[in-house]
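Student: What follows is a structure written as structure tokens; I'll ask about it next.
The values are calculated or read from the model by the stated rules, or taken from the named source; none is laboratory data. Just so it is clear, the structure is predicted and the values come from calculations on it, not from any experiment. Glycine gets a Cβ as well: all are built from the backbone with ideal geometry, and neighbour counts include every protein chain shown. These area figures cover heavy atoms from the full protein model, side chains too; ligands, DNA and RNA do not enter into them. Shrake-Rupley method; radii C 1.70, N 1.55, O 1.52, S 1.80 Å.
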Amino acid sequence: GFGAMPDYRGQVTVAVLNGTTFTGLARSASDKLTKAGFKQGVVTNDTTNQTRSATAVFYAPNQRNAALEVAKTVGIPRDAVQKLDAGTRSVAGEDADVVVSVGADQAR
């Protein structure tokens, strides 16, 4: 798998959005991903959804494998991985390959 290719992660920009009202959730998820070798993207509040109960991972075109890797890193199931929609993209910025919207499940 990609385990043997740490440089692959360095090419994946991951934006992390806080889909809750718990302060700092996006930041700690972003730190975890950066430590794992991903490139840090925008870290901000998910203005499209502040009541997300479960973390979701969104991927830009052709970035599904990267998104699965991100999901594994933050410890969320594969079925939480979905295509990036226009609303989420506008919050995450144009350069994001993968977007994590952190839900209340990460606050435990």
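Student: Among the residues that make up region 60-68, is at least one of them open to solvent by 70 Å² or more (accessible area, probe 1.4 Å), touching a Gly at 6+ places or on another chain (Cβ under 7 Å), in a loop (DSSP other than H, G, I, E, B) and more than 18 Å from Ala107 (Cα to Cα)?
Tutor: No.
Student: Continuing with the same structure: Of the residues Ala29, Ala54, which single one is of a type in the set (Gly, Ala, Ser), out of contact with any Pro (no Cβ under 8 Å at 6 or more places or on another chain) and open to solvent by less than 20 Å² (accessible area, probe 1.4 Å)?
Tutor: After applying the criteria, what remains is Ala29.
Student: Output the residues belonging to region 89-108 that are within 10 Å of Gly19 (Cβ to Cβ) and either open to solvent by less than 20 Å² (accessible area, probe 1.4 Å) or assigned to a loop (DSSP other than H, G, I, E, B) (or both).
Tutor: Val100, Ser101, Val102, Gly103
Student: Just a yes or no: is a residue in region 75-82 surrounded by fewer than 16 Cβ atoms within 10 Å (Cβ to Cβ), among the polar types (S, T, N, Q) and either in a loop (DSSP other than H, G, I, E, B) or at positive phi (or both)?
Tutor: no
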